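Notes follow the structure.
The values are calculated or read from the model by the stated rules, or taken from the named source; none is laboratory data. On a predicted model such as this, the values are computed, not experimentally measured, just so you know. As a convention, Cβ positions derive from the backbone with ideal geometry for all residues, glycine included, and neighbour counts pool all protein chains shown. Accessible surface is based on the protein model in full, side chains and every heavy atom, while ligands, DNA and RNA are left aside. Shrake-Rupley method; radii C 1.70, N 1.55, O 1.52, S 1.80 Å.
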Amino acid sequence: MARFSSPPPLPSPSVLDLAPVVPVVVVEDLADAVPMARALVAGGLPAIEVTLRTPVALDAIRAIAAEVPDAVVGAGTVICAQNADDSVAAGARFLVSPGWTESLLAAMKGSGVPFLPGVSTASEVVALLERGVSEMKFFPAEAAGGTAYLKSLGGPLPRARFCPTGGITADSAPAYLALENVGCVGGSWMLTSDAVAAKDWTRVASLARQAAALR
């Protein structure tokens, strides 16, 4: 498969260190992508994961990369090599997957950008550590055991660092962020359905500011 020139490097050595919360964004209306990203960045959340769940997702990544220079836009729900290639071509500066296979891991490694492969078991974590990968997405966080499970992984697997995502809220995020092996959390609570429907980007920026202050 074709490979493309990598986007600019991250302003931090790791996706996990850019902000305490990575907004997980599902863009339904392409016109929302840029103002939404600007609101999140204004609130202190520069790392934005645009999930590949809608027909306009790649165009949204492209628009944010071109028009919101302070945003670090990434692609989520990356589940195949083509997703990785298309996302980097659109301007994604990091990749996030809900899980991983050998072929998907190879594609993400070859993408030229940082990536967070998804795990939900200790065996998956060990397998990634064997392959030289120490930063991962823990998904679905709440359903897979939450903070208690992640804390239990810290003892035997101290080299692994996580971005838990899935069911995390403003109320539960601080408990995750207090764990030594958690660098950040992923969530969408700052993008309430009513605020997005009303295109109330001031409200989104306010909620993002609260999220950015969690740590």
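Computed quantities for the displayed model
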read-out: Residues of region 7-21 satisfying the condition of being open to solvent by 60 Å² or more (accessible area, probe 1.4 Å) and either modelled with pLDDT under 85 or under 14 Å from ALA92 (Cβ atoms) (or both); value: PRO8, PRO9, PRO11, PRO13
read-out: Failed condition for ILE48, given (1) closer than 20 Å to ASP17 by Cα; (2) open to solvent by 10 Å² or more (accessible area, probe 1.4 Å); (3) not basic (Lys, Arg); value: (2)
read-out: Residue satisfying condition, being among the hydrophobic types (A, V, I, L, M, F, W, C), in contact with a Pro (Cβ under 9 Å, 6 or more places away or on another chain) and more than 19 Å from LEU16 (Cα to Cα), within set ALA195, ALA122; value: ALA122
read-out: Failed item, numbered, when TYR176 is tested on (1) touching a strand residue (DSSP E or B) at 6+ places or on another chain (Cβ under 7 Å); (2) under 17 Å from SER97 (Cβ atoms); (3) not hydrophobic (A, V, I, L, M, F, W, C); value: (2)
read-out: Options ALA39, ALA66, ALA57, ALA81; residue that is surrounded by 24 or more Cβ atoms within 10 Å (Cβ to Cβ) and out of contact with any strand residue (DSSP E or B) (no Cβ under 9 Å at 6 or more places or on another chain); value: ALA39
read-out: Of residues in region 20-69 being of a type in the set (Asp, Glu) and more than 16 Å from the chain's Cα centre (by Cα), the one farthest from PRO140 (Cα to Cα); value: GLU67
read-out: Yes/no for ALA89 being under 15 Å from ILE61 (Cβ atoms) and open to solvent by less than 10 Å² (accessible area, probe 1.4 Å); value: no
read-out: Test: residue in region 190-208 that is in a strand (DSSP E or B), modelled with pLDDT of 95 or more and either crowded, with 21+ Cβ neighbours inside 10 Å or among the β-branched types (Val, Ile, Thr) (or both); value: no
read-out: Positions within region 99-111 being open to solvent by 50 Å² or more (accessible area, probe 1.4 Å) and in a loop (DSSP other than H, G, I, E, B), in sequence order; value: TRP100, THR101
read-out: Region 198-215 residues that are more than 16 Å from GLY187 (Cα to Cα), paired with ones that are crowded, with 20+ Cβ neighbours inside 10 Å (beta carbon under 6 Å, 6 or more apart); value: TRP201/ALA39
read-out: Complete set of residues in region 148-179 that are surrounded by fewer than 17 Cβ atoms within 10 Å (Cβ to Cβ) and either in contact with a Gly (Cβ under 6 Å, 6 or more places away or on another chain) or closer than 21 Å to GLY76 by Cβ (or both); value: GLY167, THR169, ALA170
read-out: Candidates VAL34, VAL24 - the one that is open to solvent by 10 Å² or more (accessible area, probe 1.4 Å) and in a strand (DSSP E or B); value: VAL24
read-out: Test: residue in region 98-105 that is in contact with a Gly (Cβ under 7 Å, 6 or more places away or on another chain), under 26 Å from ALA84 (Cα atoms) and of a type in the set (A, V, I, L, M, F, W, C); value: yes
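Here is a yes/no grid of residues against (1) farther than 20 Å from ALA47 by Cα; (2) assigned to a strand (DSSP E or B); (3) at pLDDT 95 or above; (4) of a type in the set (Phe, Trp, Tyr):
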{"position": "GLU124", "(1), (2), (3), (4)": "yes, no, yes, no"}
{"position": "LEU128", "(1), (2), (3), (4)": "yes, no, yes, no"}
{"position": "LYS137", "(1), (2), (3), (4)": "no, yes, yes, no"}
{"position": "PRO156", "(1), (2), (3), (4)": "yes, no, yes, no"}
{"position": "PRO164", "(1), (2), (3), (4)": "no, yes, yes, no"}
{"position": "ASP171", "(1), (2), (3), (4)": "yes, no, yes, no"}
{"position": "PRO174", "(1), (2), (3), (4)": "no, no, yes, no"}
